[in-house]
Structures are given as C-alpha cells and as structure tokens.
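Trainee: Take this structure first; my questions come after.
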Amino acid sequence: MMEPASSYAPETYLRVQNLSKRFGRFKALDGVSLTMNRGEFLCILGPSGCGKTTLLRAVAGLDRPDGGEVFLDGGEVSHLPVYRRNVGIVFQSYALFPNLTAAQNISYGLQTRGYGKARVKERVEELLALVGLEGQDRKFPSQLSGGQQQRVALARAIAPSPAVLLLDEPLSALDAQVRARLRMEVRSLQQRLELTTLMVTHDQEEALAMADRILVMDRGCVLQTGSPDEIYNRPASPFVASFIGSMNFIRDAVKEAPRVFRKGGLRLVVDESDPVPEGAPAILAIRPEDILICQNGEAPRNLLTAEVSRLEYRGANYRVEMNLLLDEAETSAIEADVTAERVRKLRIREKSRIHIDLPTDRLLVYAA
Amino acid sequence: MLSRPSSLESASVRTLDVEAWVLRALTMLACLWMVCFVLFPVAQLLWKSFLTAEGEFAGLSNYLVYFRTPALSSSLTNSLYVSALTTAGSTTLGFMFAYALTRTCMPLKGFFQGVVMTPLFAPTLLNGIALVYLFGKKGLISQGFFGHIPGIPVELYGPFGIIFAQILYTFPQAVLILSVALRMTDARLYEASESLGASPFRTFFTITLPGIKFGLISTFFVCFILAFTDFGAPKVVGGQYNVLATDIYKQVIGQQNFIMGAVVSSVLLVPTVVSFVVDRICQRRQFSALTARSVPLVPRPSGMRDILALTFCSAVALGILGFYGTALFASLVKVWPYNLSLGLDHYNFSKMGGGGIGSLFNSIRMSLYSAILGTFMTFGSAYLIEKSRGMRALRQVSYMLSLVPLALPGMVIGLSYIFFFNTPSWSLLGWDIPNPFNVLYGTMGILVLSNVVHFYTVSFLTATTALKQLDREFETVSESMGVPFYRTFARVTVPVCLPATLEIAIYYFVNSMATVSAVIFLYSADLPLASVAVANMDDAGDIAPAAAMAMLIVGVNILVRCLYGFVNRWVQGTTQAWARR
C-alpha cells in the first residue's frame with residue numbers, strides 16, 4: 001500500500017495541556033493532556049460519563065474549562081470563543097436546520113465568511129460531491145436518510161475549511177449497517193483531505209477501525225494513548241483491557257520466577273518481562289481469540305486442561321466457555337473464540353475435556 | 001505554575017465580544033420588562049392595601065374593616081361557593097366530553113371539537129346576556145317558548161345564573177386540558193390490563209383515572225381560577241349576589257374607594273395564587289409521565305359506548321349552539337318578546353351610550369396591537385430564556401416571572417395598572433423618581449400593555465414548547481461557524497416556529513377582543529371598547545344592543561379565526577414544506 005503523499009511533516013498541531021473541569025463535586029476532567037499531529041485522526045474512547053464529551057467541548061471552546069490550556073497551530077486559543085478557533089463540529093444529533101435544504105445547510109457557515117455567491121455555490125457543489133450527495137442539494141433534512149443527514153452535517157462542518165474537525169459520537173444515531181459503511185467513508189474522507197480530526201465515541205470497534213491513535217479515558221483521566229494495535233494488544237491496565245474487546249483474567253496468580261507465574265496447580269510462562277516483583281501477586285490476561293485448542297501430541301509451554309461448560313454459536317466461530325482445572329477441587333472460568341470449522345473437526349461439545357494453549361507471547365501481565 | 005499576566009489581559013479583551021453582550025443585555029431587558037409591568041404594579045397594589053386613603057401606613061386595619069363588614073366579607077364565601085360548584089360541574093361535563101372525543105369512535109368529532117370552543121370567542125358577559133333571554137322574567141324557557149309550552153320559572157339572578165354562565169365559560173378549558181391528558185396514555189397499559197383479564201370497569205379505575213390524575217387536578221384549579229376571578233357573568237346575572245370580582249368594580253368605579261378595591265384584590269389574589277402553584281406542580285408531573293417510547297392509544301369501535309357518547313356530545317353541542325343562537329336571535333328581534341320580527345335595529349348603536357360602533361373598531365385595533373406586541377414579547381423572551389447561554393439564575397428568574405401573569409386576575413391587573421401608571425412619581429428615600437410610564441395613562445398603550453401581560457403566560461408557554469422542540473445544538477453549530485445569533489434566529493428559529501407564533505397571535509387577538517376585566521378600569525372616554533360597551537349597555541338596561549355588540553365581537557373573532565385557518569394552511573404549504581416527507 002502506498003502512503004498518501006503528504007505535504008506536511010508530522011508536527012504537533014493541537015496541544016491540550018492539563019485541562020480540568022468540575023461540575024459541582026464531580027470531576028469531569030482531571031488534568032487531561034493530549035497532542036495531535038497535523039492530519040491525524042485521534043479518537044477519544046471511554047464509557048459514558050468518563051469526560052470525553054467535556055474534553056471535546058473544551059477543545060471546541062463551547063465550554064470553558066476550570067484550568068489548563070489549549071494550543072492550536074502554535075498559538076494559544078484557551079480564551080478564544082468557539083468561532084475564533086476555526087473548528088468544525090458534527091454533533092450526535094447532527095443539528096441540521098430542518099427548514100433549510102442540504103445545500104443551504106452546507107453553505108450556512110460560508111456566507112458570513114465573505115464568500116461570494118459564485119464561490120459559495122462552487123464550494124457547496126464540491127462538498128456535495130465529496131460526501132457523495134450529488135443531486136440531493138435541494139432536499140430538506142427530513143427527506144434524507146439518516147446516513148445522508150450525517151453526510152450533510154459532515155459537509156457543513158468542513159465547508160469553511162476548519163483547522164480541526166470535531167466529531168461528537170457522529171455515527172451513534174445510525175443503524176449498524178449504515179454505521180459500518182459510513183465509518184469507512186468518514187475515514188477515507190479525513191485521509192484524503194488530511195483533516196486533523198478529534199472524535200469522541202464509546203464504541204470501541206469504531207475507534208479501532210477509524211483512528212490513527214486512540215486515547216482511552218475513564219473518570220476524567222487519560223488511561224492510555226496509543227495506536228489501535230497498541231491499545232488492543234498491549235492494553236496498559238486491566239480496565240483498558242476489559243473495556244476494549246473481551247479479555248480473560250486469571251487473578252490471584254503469584255510470580256514464582258522471572259516470567260513464570262503460578263496459580264493453584266497451574267504454571268504459566270510468559271515471553272515478555274514485567275515489573276511485578278518475585279513472590280508478588282499478579283493478574284494474567286489473554287484475549288479469547290488468542291487461546292488455542294490443542295490436538296493430541298502437541299506440547300506447547302502453557303498446556304492446560306479444561307472442561308467445556310457452554311458453547312455459544314456466533315456464525316463464523318464459537319465462544320467456548322470452559323473451566324480450567326487448577327487442581328483437584330478448584331476451577332477457573334475462561335472463554336475462547338474458536339472457529340466453527342475447528343469445533344466441528346475436534347468434536348467439541350459441552351462437557352468435553354480439552355487441552356488448550358495460552359501462547360506465551362499473547363499472555364499479558366498486570367500487577368494485582 | 002508561573003503567572004502570565006499578558007495572556008490574562010488579552011483574554012479579558014478578547015472575551016469582550018459584542019454579540020455575547022447584546023444577548024446578555026437583551027436577556028436582562030426581558031427580565032426587567034416582567035419586573036416593570038408585572039411584579040412592580042402588583043407589589044404596589046398590595047402595598048396600597050396597607051395604606052390609608054391619605055397614604056399613611058395603616059397596617060392591617062383595612063383588612064379588619066373588610067372582614068368586619070358583612071356586606072363585603074360575604075362576597076368571599078359567595079365567590080368560593082359559586083367557584084366550587086362551577087368547578088365540579090365543569091370538570092364532570094368536561095371529562096365526559098373529552099372522554100367521548102378521545103376514547104370513543106363516535107362520528108362528528110371535528111364538529112364537536114369546534115362547537116365546544118365557541119365560548120372562548122365570546123366575552124363572558126354574553127353568557128350572562130344569553131341566560132337573561134333564556135331564564136330571565138321574559139326568557140324563552142321561563143316563559144315556555146313565548147307561551148307555547150308551560151314555562152319553568154327559575155331564580156336566575158344569583159348563584160344559579162353565575163354558575164350556569166361560568167360552567168359554559170370554563171367548559172372549553174376543561175375539555176382542552178382533559179383531552180390532552182386522556183390522549184397522553186400508553187396503549188400497552190390497556191393491552192396489559194386486557195390480557196390480564198381485567199373488566200372495563202376495573203381498567204377505568206386502575207388505569208384511566210390514575211393516568212389523568214394530574215390532568216384532572218389541573219382542570220380543577222384552572223376552572224376554579226377562571227370562575228373565581230370572572231367578572232362578566234356575575235356582572236350581568238349576579239343580581240344582589242356579590243362576588244369578589246364585582247366588588248372590586250363597585251368599590252373602584254362605583255364608590256371611588258381605591259384602597260378597599262386594593263384590599264378586595266388582595267383577598268382575590270390569595271386563593272388564585274395558591275391554586276396556580278398547585279396547578280404548576282401537577283402539570284410538571286403530568287408531562288414526565290409519558291416517555292417517547294409510549295404507544296398511542298387508538299380507540300376501538302364499541303356500539304353502545306359510541307352511541308352514548310354521540311348522544312351526550314350532541315346534547316351538549318346543541319345546548320351551546322342554542323344558547324348562543326338565542327342571544328343572536330334576541331339581538332335581531334325588534335322587541336323581545338312582543339314583536340319577534342327580525343331586523344338590525346339593535347345593531348345601530350348611534351343612540352346608545354358606550355361609544356357605538358367606533359368602540360368595535362377600537363377593540364379591533366387594540367387586539368391587533370396586542371397580538372403583535374404580545375407575540376413579539378412572548379416569543380422573544382421565550383427565545384432568550386430557552387436558547388441563550390450563561391446567566392442561568394437570571395433566566396430562571398425570568399421564567400418564573402413569566403408564569404406569574406397566569407395567577408393574576410384581570411381585575412387585579414387593571415387596578416394595579418391604574419395605580420402604577422397614574423402615579424406621577426415615586427418618592428424613595430427623599431428622592432422623587434418621575435414615572436416614565438405616566439404618559440401612557442388613558443391611552444391605547446396602557447390597554448395594549450394590560451392585554452399583553454394578562455394573556456402572557458399561556459403564550460409564553462406555547463413559545464417555550466415550540467422552542468424546546470428545536471435541537472439544542474442549533475445555536476452551538478451557528479456559533480462554531482461564526483454565524484451571529486440573530487441570523488440563525490431569523491433564518492431558522494422563527495421560520496421553524498412560525499405556526500406557534502401564529503397561534504400565539506390569534507390567542508392574543510381573540511382574548512383581547514373578548515376581555516372586560518382588565519380594560520374596564522383602563523379605557524378612557526375617548527377610547528371606548530366594544531366589550532366595555534357591552535357591560536355599560538347592559539348596566540343601562542339596553543340588553544338587546546348589548547347582545548348585538550357581543551355578537552359582533554364573537555363574529556369578528558370567528559372571522560379572524562377563519563382567516564388564521566387560511567393563513568395557517570398557506571404557511572404549512574409554503575414555508576413548512578420541509579416538515580413533510
């Protein structure tokens with residue numbers, strides 16, 4: 001794949017430093033900092049009430065934070081009202097003006113910026129083409145589908161060529177199929193226009209699919225920042241691990257030796273070194289899709305025996321719920337995603353006793 | 001952290017943004033307007049009730065005089081008595097009518113809905129006048145249709161007449177509120193009840209009645225307030241039976257005893273304000289009862305029930321039409337009941353006192369101005385309160401103040417405006433503050449202002465409801481694109497809310513045409529009004545011309561209402577095209 005030719009070298013374009021905001025006794029933002037490069041797509045991901053929308057509104061200048069600074073393109077904008085920050089915003093509800101046509105909605109912000117009539121028309125047509133709404137210019141929002149409305153809202157936000165595009169859960173009002181398609185469209189549009197984009201979402205799939213980088217928030221704090229790959233494969237904490245995708249946790253393990261952990265009769269080896277001191281408790285974690293089902297004769301390093309308690313069919317694969325046999329009396333629940341083909345081939349059923357492998361390079365270690 | 005004075009300094013300069021300050025100033029003005037024309041006049045009125053005629057502080061002595069004079073204090077019990085009976089009658093009938101309209105499959109629903117609203121177009125004086133022609137000494141029913149059948153003599157003047165007229169007056173309101181309450185229900189509750197095998201009887205008492213609980217309470221209090229503060233009906237058919245509203249009029253106009261007028265006004269205000277507060281609490285709960293996911297209830301045909309409903313509604317509709325028909329007939333008859341040939345003699349007002357036909361044109365002019373100013377003020381304030389940001393406390397105070405006029409009887413507004421606008425200056429701590437509004441006294445201005453305030457709350461709430469339906473982020477989107485607020489207001493907010501503003505305007509017009517209570521204190525001899533002329537001609541015993549003038553008011557209102565219908569249809573067709581799919 002070819003990298004899109006970029007005229008800009010990566011540079012810090014947006015910088016947020018130490019933002020804090022309280023609503024009464026509730027800390028919505030607790031010293032949040034972030035940086036964004038020009039043309040980057042950053043996703044703020046977190047459960048509802050984690051402060052992500054507050055952060056977006058503070059960056060936009062819609063709400064004043066109690067403390068902290070925002071820098072845009074090298075200058076401080078902390079005290080500028082929203083319309084002096086040159087940001088484009090798409091809201092969850094789109095907030096399209098119902099009595100104006102698609103074209104009138106898109107041109108709404110252009111007329112006050114001293115665009116001439118001809119230029120406005122030209123720009124509107126350009127944008128309609130860009131979001132794939134040619135010929136829909138005279139329709140009112142109520143005559144457009146949800147996905148089309150979303151595109152009008154996007155076109156309206158980017159019409160005045162904003163420095164930063166802010167998206168507040170822009171796809172959450174759509175049904176699943178439209179959402180999946182628009183996800184790709186928004187992303188490719190963002191890449192083509194090299195729009196520096198900050199999106200807020202609680203949908204982890206959306207964040208993984210669209211973002212260059214993801215910033216995970218909870219309770220007003222940043223928990224982890226990194227590429228989707230880093231966030232998914234190397235979550236910084238059990239919270240991040242469980243919030244994104246599913247994750248098995250093996251709690252109450254004890255570190256026996258470097259890279260060796262014990263729980264009951266289990267002995268587990270990991271590849272990577274970790275900061276847990278020897279003899280201290282630790283939490284081991286592994287994603288369901290990383291667990292391997294072993295056939296007779298295989299002898300990986302973390303070979304375990306488990307009894308299948310339930311099979312849940314999910315089309316392409318099965319979610320296999322099972323109990324690890326720790327020792328005579330104790331068991332520990334664990335889930336694996338196994339392709340349907342393999343389940344059939346190995347004749348896995350409820351109550352089957354199987355051997356599984358927790359690959360040493362997929363096991364994560366957290367201090368308990 | 002290092003302090004950076006330079007950035008702080010520039011920040012304060014930057015936030016000095018003209019637009020934001022204009023919005024702030026306007027919001028403050030909206031609040032000031034309510035303080036000036038609602039709070040201050042009423043406070044002054046209440047204050048006057050504690051003063052002697054010479055302006056000395058008198059403490060509670062005026063109230064002692066009031067309660068020690070049986071002729072005065074008996075009015076309070078009279079008022080409570082007729083209002084309670086009116087409320088009971090109106091709520092019962094209103095419930096039956098609203099139930100028939102919303103929960104049955106009877107035919108002619110649109111017709112019934114229209115007929116039941118007729119009383120809203122008429123001055124309440126007309127209800128009294130029509131009663132005189134029906135149950136008076138030479139009345140249609142008391143004389144048995146001009147002697148064709150045995151008559152039923154009725155003691156019209158007194159509680160019977162007042163209650164009858166007021167039930168008619170409050171009936172449309174009861175039907176309106178209860179229809180809304182009965183419509184706001186979740187069909188799934190009824191399906192659940194049915195599937196659990198509950199009888200219709202049990203369903204009615206466990207689901208229907210509890211569901212409209214707050215609507216019922218609201219109806220109770222609204223009818224009570226309307227009846228308690230009504231002036232028109234007791235003025236015409238009250239006879240020797242005194243109530244508070246007529247007492248204020250007698251004290252002020254008859255005896256020029258302004259202080260006692262203020263005392264009676266205060267007495268009138270207490271139950272009204274209490275009812276108002278309870279009603280507000282109930283309405284708030286009513287609206288939270290329904291979620292967006294509720295399924296509307298669609299009534300199913302049921303032979304017996306639908307026939308009963310049709311019979312009842314037909315009887316009520318015929319009654320209302322016959323009632324006003326009698327008044328219309330009487331206004332056209334040469335000499336009731338002796339010469340029943342028809343003519344327009346009574347519509348020639350030149351020989352009458354009360355200003356003649358000119359008063360009708362004054363009324364139309366006043367109503368038009370009230371509609372324009374009222375719509376502007378209510379919609380503007382609602383916009384500022386609902387859509388501007390910052391100054392939360394001030395906006396909340398403004399909102400509360402905007403609700404106050406609903407609790408103010410017209411008589412109280414009228415009398416307090418006499419005091420307020422007639423004061424040449426106020427002395428405060430030795431300073432003389434000249435009254436800038438004094439010039440309005442006796443002009444069209446004071447009449448229009450009193451109407452704008454009198455019918456403020458309902459219009460304000462209509463505007464607020466319409467504005468609440470707009471996306472909260474419209475203003476934010478515009479702001480983020482650097483579009484000034486007034487541009488979005490003109491291009492989006494007003495066009496989208498056009499149907500609501502028209503509704504407000506028509507409400508103002510119709511009510512301003514029909515009202516007597518506030519303006520009867522405020523009109524001047526060179527600016528007579530039609531509704532006041534009705535009262536004065538009736539006073540002088542010229543009942544037929546009074547009926548004629550009242551009919552003209554109803555006619556103008558119906559005409560304007562039809563015009564509104566056409567305009568509204570045009571608006572829906574052209575400017576609201578976006579609302580259609």
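Values quoted throughout were computed directly from the atomic coordinates according to the rules given, and no laboratory measurement underlies them. Predicted model only: the values in this text are computed from it and were never measured. A quick note on method: Cβ atoms are made from the backbone with ideal geometry, for glycine too, and the neighbour counts reach across all protein chains shown.
Trainee: Region B:387-422 to region B:233-273: how many Å between their Cα centroids?
Mentor: Distance between centres, Cα-based: 23 Å.
Trainee: Treating only the Cα positions of region B:97-231 as identical point scatterers, give the base-10 log of I(q)/I(0) from the Debye formula at each q in 0.09, 0.22 Å⁻¹.
Mentor: Debye output, listed in q order: -0.40, -1.23.
Trainee: Can you give the net charge of the other residues whose Cβ lies under 14 Å from the Cβ of residue A:189, counting K and R as +1 and D and E as -1?
Mentor: +3
Trainee: With equal scatterers on the alpha carbons only and no solvent term, can you work out the Debye log10 of I(q)/I(0) for region B:340-493 at 0.08, 0.14 1/Å?
Mentor: Taking Cα atoms of region B:340-493 as identical point scatterers yields -0.39, -0.90.
Trainee: Here is a follow-up. What's the average, rounded to a whole number, of partner chain beta-carbon atoms within 10 Å of each residue's beta-carbon in A:80-86?
Mentor: Average neighbour count from other chains, rounded to a whole number: 5.
Trainee: Count charges around residue B:257 for me, please; just the other residues with Cβ under 12 Å from its Cβ, Lys/Arg as +1, Asp/Glu as -1. Can you show the working numbers first?
Mentor: On the way: positive: B:48, B:250; negative: B:247.
Around residue B:257, the charge tally is +1.
Trainee: For chain B, restrict the atom set to alpha-carbon positions and state the Rg and Dmax in Å.
Mentor: In order Rg, Dmax, the Cα atoms of chain B give 26.0, 101 Å.
Trainee: Can you give the FRET efficiency for residue B:52 and residue B:428, using 1/(1 + (r/R0)^6), R0 = 25 Å, r = Cβ-Cβ distance, to the nearest 0.05?
Mentor: Values: r = 20 Å, r/R0 = 0.80.
For R0 = 25 Å, the calculated efficiency reads 0.80.
Trainee: Of A:241, B:413, B:94, which is farthest towards the positive pole of the protein assembly as shown's charge dipole, taken about the Cα centre with +1 and -1 on the beta-carbons of Lys, Arg and Asp, Glu respectively?
Mentor: Selected residue: B:94.
Trainee: Here's a follow-up. Suppose a student asked you for the relative contact order of region A:81-183, using Cα pairs under 8 Å spaced at least 6 residues apart; what percent would you report?
Mentor: 47
Trainee: Can you give the FRET efficiency for residue A:314 and residue B:526, using 1/(1 + (r/R0)^6), R0 = 56 Å, r = Cβ-Cβ distance, to the nearest 0.05?
Mentor: Working: r = 87 Å, r/R0 = 1.55.
E between residue A:314 and residue B:526, to the nearest 0.05, is 0.05.
Trainee: Could you tell me how many cubic angstrom of Cα convex hull volume the protein assembly as shown has per residue?
Mentor: Residue-normalised Cα hull volume stands at 267 Å³.
Trainee: Same structure, new question: For B:492-501, what's the mean count of beta carbons from other chains sitting within 10 Å of each residue's beta carbon?
Mentor: Across B:492-501, the average partner-chain Cβ count within 10 Å equals 2.
Trainee: Suppose each label sits 7 Å from its Cα in the direction of the beta carbon; what would the residue B:88-residue B:64 distance come out to in nanometres?
Mentor: Spacing of the two 7 Å Cα→Cβ label points: 3.7 nm.
Trainee: A further question follows. Where the centroid of each part is defined by its Cα atoms, how far is region B:124-167 from region A:338-368 in Å?
Mentor: About 92 Å separates the Cα centre of region B:124-167 from the one of region A:338-368.
Trainee: What's the extension gain from residue B:40 to residue B:315 if we count 0.36 nm per residue and subtract their Cα-Cα distance?
Mentor: Additional length available on full extension: 94.3 nm.
Trainee: What is the magnitude of the charge dipole of region B:58-343 about its Cα centre, with +1 placed on the Cβ of each Lys and Arg, -1 on the Cβ of each Asp and Glu, and no other charges, expressed in debye to the nearest 20?
Mentor: That gives region B:58-343 a dipole magnitude of about 260 debye.
Trainee: At a threshold of 8 angstrom on Cα-Cα distance, excluding pairs fewer than six apart, so keeping six or more, what relative contact order does chain B reach in percent?
Mentor: Details: 807 pairs, mean separation 119.5, N = 581.
21 percent.
Trainee: Based on the alpha carbons, how large is the Rg to Rh ratio for region A:12-242 when Rh follows Kirkwood?
Mentor: On the way: Rg = 17.6 Å, Rh = 18.1 Å.
For region A:12-242, the value is 0.97.
Trainee: Given Cα pairs under 8 Å that are at least 6 residues apart, what percent is the relative contact order of region B:58-343? Each step should come with its number before you reach the end.
Mentor: On the way: 371 pairs, mean separation 86.7, N = 286.
It rounds to 30 percent for region B:58-343.
Trainee: Another question, if that's okay. What's the center-to-center distance, using Cα atoms, between region A:78-131 and region B:438-501 in Å?
Mentor: That distance is 25 Å.
Trainee: For residue A:52, which lysines qualify as cross-link partners when the Cα separation must be under 26 Å and same-chain residues fewer than eight apart are set aside?
Mentor: The reachable lysines, counting only those whose Cα sits under 26 Å from residue A:52, are A:21, A:27, B:387, B:468.
Trainee: Pop a pseudo-label 7 angstrom from the Cα along the beta-carbon direction at both residue B:256 and residue B:357 and give the gap in nm to one decimal.
Mentor: Label at residue B:256, label at residue B:357, 3.6 nm between them.
Trainee: Tell me the label-point distance for the pair residue A:360, residue B:574, using the 7 Å Cα-to-Cβ offset, in nm and rounded to one decimal.
Mentor: With each label point 7 Å from Cα toward Cβ, the separation is 8.2 nm.
Trainee: Would you count, across region B:58-343, every pair of lysines whose alpha carbons are under 28 angstrom apart, provided the pair is eight or more residues apart or spans two chains?
Mentor: Qualifying lysine pairs in region B:58-343: 9.
Trainee: Another question, if that's okay. Residue by residue through A:108-116, how many Cβ atoms from other chains fall within 10 Å of the Cβ on average?
Mentor: Average per residue, whole number: 3.
Trainee: Right, here's the next one. Where in chain B are the DSSP H helices whose alpha-carbon span along the long axis reaches 27 Å or more and whose Kyte-Doolittle mean is at least 0.0? Kindly include the intermediate steps, with their values, before the conclusion.
Mentor: Working: long enough: B:70-103 (48 Å, 0.63); B:159-183 (34 Å, 1.50); B:258-288 (44 Å, 1.13); B:303-332 (42 Å, 1.46); B:356-387 (46 Å, 0.75); B:543-574 (46 Å, 1.21).
Helices passing the filter in chain B: B:70-103, B:159-183, B:258-288, B:303-332, B:356-387, B:543-574.
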